[in-house]
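Okay, structure first, notes after.
The values are calculated or read from the model by the stated rules, or taken from the named source; none is laboratory data. Note that the structure is predicted; figures quoted are calculated from it, not measured. Note: ideal-geometry Cβ built from the backbone for every residue, glycine included; neighbour counts use all protein chains shown. All accessible areas refer to the heavy atoms of the entire protein, side chains included, with ligands and DNA or RNA removed. Shrake-Rupley method; radii C 1.70, N 1.55, O 1.52, S 1.80 Å.
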Amino acid sequence: MKKFILALLLLFCSNILACSDRSSILGKGQGVAVLVYHHILKENENRKFKENKEVITPELFAHQMKILHDNGYTTITLQELEQFINKKISLPPKSVMITFDDGYLSNFKYAYPVLKKYHYKAVIFPITSSMKSRPETFNPDKLNYISWNELVPHSDVFEYAGHTDRLHRTIGTMSFLLVKRSEDILIDLELSRILLNTRYFAYPFGQYNKSTIRLVKEAGYRMAFTIHPGKVYPGTPAFEIPRYSVFSTTTIRQFKNMVGIH
């Protein structure tokens, strides 16, 4: 009888250890910060968008990337983040994802060389209808967009995911994804996904509801990003991934807090 009870205790303890090990493998309690940027312009170039806090300087972006690098941070891909939230892989304790919304040419001009320098990966969520058939000449007084034939040459750093084709617009303050007919939304979402060959999406203006999530799923996406601040954990809802917005007004202390540097 004593041997039987001892065997049960050993089995019970081994199960606890196995669960503990499994939680460790899945990175339980480990949060990943996803950062979102938009446009980058030098201070003396920024004549038209000075009031837009989503426009940051190349110097600020380079300084932030140096902070990540000097503190031992590594960047992750969309697939790695998906596997992480699905509890299939663990990630290094200092992991971060860098994303850019809309697909501005300044991402290639200013962000690409900095990211390449540190062997960092990043994601661009371009508006596919705004993408050009040929490369544009960079003009800081315009909103230049990336072109289709520039995607591959920059794919050593960037991967590309959906941000709608023609629905990155608003009626008043409401995103088209909240007010247009479901049939039209679905067609647009599918087109953007097919053009970019992706399964990942970012909500325009960060606006979505239950219907939006349903349509994004139906269009064939497996994960979608918001602009709600917060970290990503194993089990985070795949269609409500939080991101920290980085603005021109973001202080270095705020930036460090976002990624977990104390």
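Points to keep in mind about this one:
- Sub-8 Å Cβ pairs linking a first residue in the range 28-57 that is over 18 Å from residue 105 (Cα atoms) to a second residue that is part of a loop (DSSP other than H, G, I, E, B) and open to solvent by 100 Å² or more (accessible area, probe 1.4 Å), at least 6 apart or interchain, are 30/93, ordered by first then second residue.
- Filtering the range 146-177 to residues that are surrounded by fewer than 19 Cβ atoms within 10 Å (Cβ to Cβ) and of a type in the set (Ser, Thr, Tyr) leaves 147, 155, 170, 173.
- Hits in the range 193-219 (condition: among the small types (Gly, Ala, Ser) and either under 22 Å from residue 35 (Cα atoms) or more than 20 Å from the chain's Cα centre (by Cα) (or both)): 202, 206, 211
- Within the range 211-227, the residues that satisfy the criterion of being free of Cβ contacts under 8 Å to residues at least 40 places away in the same chain and under 21 Å from residue 160 (Cα atoms) are 212, 213, 215, 216, 217, 218, 219, 220, 224, 226.
- Test for residue 74: is it touching a Ser or Thr at 6+ places or on another chain (Cβ under 8 Å) and either farther than 20 Å from residue 255 by Cβ or modelled with pLDDT under 95 (or both): no
- Residues located in the range 164-177, provided they are outside any strand (DSSP E or B), touching a residue at least 24 places away in the same chain (Cβ under 8 Å) and of a type in the set (Ser, Thr, Tyr): 164
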